[in-house]
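A quick write-up on the structure given underneath.
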Amino acid sequence: SSSTSGSAPPRPLSSVHPPVVARVRHATLRMRVLRVAIALSTAAVATAAKKFEEIPLSEDDVAKGLSPQVRVRGSWFTYGSSIADEIDGEAEAYAELEKQAAEAGQEMLRRDGNRANTWARTKPFAMDVTAVSNTQFQKFVRATKYRTEAETFQWSFVLDYLAADEIIAEVDGEGGYGRVQDAPHWMAVKGAYWRRPEGTGSSLRGRGNHPVIHVSYNDSVAYCEWAGRRVPTEKEWEHAARGGLDDEPFPWGSAARADKCNGWTGNFPTENDELDGYAGTAPVDAFEPNGYGLYNMVGNVWEWVNGGNEKEKPIRGGSYIDTIDGELKLQPKHIVLV
């Protein structure tokens with residue numbers, strides 16, 4: 001159900017006007033405790049005269065510290081990407097792979113992790129201009145006494161590049177939880193959760209305006225219910241992320257520019273040149289917004305979207321560990337366990 005005000009009875013989420021959507025971001029790719037941040041969106045029924053328009057916050061939204069929103073006009077758009085097909089020789093290779101997939105009764109996936117591009121349509125909706133910050137998530141926790149899944153499990157993943165030496169020693173020592181076998185730069189750190197991003201000894205000092213992390217899909221849904229909103233569908237997310245552009249790899253166009261978003265620049269995972277100015281997460285309003293006025297739709301932290309099934313959910317957008325010439329584009333997606 002949605003949030004309530006005063007003595008008013010709870011309203012079903014479907015009756016909230018306008019109906020609301022949320023976008024959620026994360027940085028790790030495995031297990032059920034994931035590094036995420038959430039931003040909120042609203043589905044709107046009216047059609048705007050332009051591509052987007054700002055939506056005034058209600059008194060309840062202001063009291064909860066929610067982000068401003070923009071309403072996006074529903075329309076047809078290119079869902080997926082043809083970028084991989086433009087590389088010499090890949091079109092012929094994909095034609096053969098598509099034939100094999102059809103014979104096996106499977107769906108064809110492109111090199112960038114996305115399905116073949118197609119036309120898709122969304123109804124009008126609206127989205128928060130930023131991801132949910134630590135300060136905003138703190139308001140939710142204080143109001144509801146909510147405990148995240150990372151707190152319940154008493155551990156979460158931390159990138160070793162950002163961890164203190166004593167944390168690394170504990171992880172690798174006797175009794176430590178160790179690392180992900182196929183991605184040893186991700187460490188299972190005891191006591192890591194949204195208030196302690198790098199484990200014991202770390203804090204949110206100076207990061208109030210950074211996206212909240214170590215938030216699972218279930219945690220995100222709980223936050224959205226408190227805020228009276230919902231997680232966006234994958235099509236809604238991609239439409240919003242494109243910012244009005246069509247079939248481009250980035251929200252700003254086709255040029256790979258490290259100064260446009262928070263990604264990894266250097267020899268991953270041991271060297272980060274920080275050409276974007278950040279070693280880890282960046283403020284939720286860092287860098288220029290896209291054509292719809294939305295910040296950080298690629299880079300910074302991965303985003304949860306509504307899709308998949310009860311056990312698996314897609315994440316979109318890339319994060320600060322992804323490189324501009326690798327997976328840090330609009331189209332790539334991953335399926336993670338929840």
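The values are calculated or read from the model by the stated rules, or taken from the named source; none is laboratory data. The shown structure was predicted, so the numbers you read here are calculated from the model rather than taken from an experiment. A quick note on method: Cβ atoms are made from the backbone with ideal geometry, for glycine too, and the neighbour counts reach across all protein chains shown. Heads up: the accessible areas ignore ligands, DNA and RNA and are worked out on the full protein's heavy atoms, side chains in. Shrake-Rupley method; radii C 1.70, N 1.55, O 1.52, S 1.80 Å.
Measuring with a 1.4 angstrom probe and ignoring ligands and nucleic acids, TYR177 comes out at about 120 Å² accessible. Sorting the segments 286-294, 300-308, 59-67 by their residues' average number of neighbouring beta-carbon atoms within 10 angstrom, most packed first, yields 300-308, 286-294, 59-67. A simple spin-label model places the labels of ASN267 and GLU174 3.4 nm from each other, with each point 7 Å out along Cα-to-Cβ.
I need the shape label for the stretch 203-259. Rule: rounded when a/c is under 1.5, else prolate if a/b > b/c, else oblate, with a, b, c from the alpha carbon gyration tensor. Walk me through the numbers before you get to the answer.
Values: a/c = 3.13, a/b = 1.40, b/c = 2.23.
Oblate, since a/c reaches 1.5 and b/c is not below a/b.
When the surface is traced with a 1.4 Å probe over the full set of protein chains, ILE335 keeps roughly 90 Å² accessible. Stretching the chain fully between ASP246 and VAL62 yields a gain of 62.9 nm (0.36 nm per residue, less the alpha carbon separation).
Amide H contacts of ASN306 (H built 1.01 Å from N, in plane; Pro and chain starts excluded): THR233, GLU234 sit under 5 Å, all sequence-distant by 5 or more or on other chains. Model label sites at ASN209 and THR135, defined 7 Å from Cα along the beta-carbon direction, differ in position by 0.7 nm.
The value given for the stretch 213-333 is a Kirkwood hydrodynamic radius of 14.9 Å, derived from the mean inverse Cα-Cα separation.
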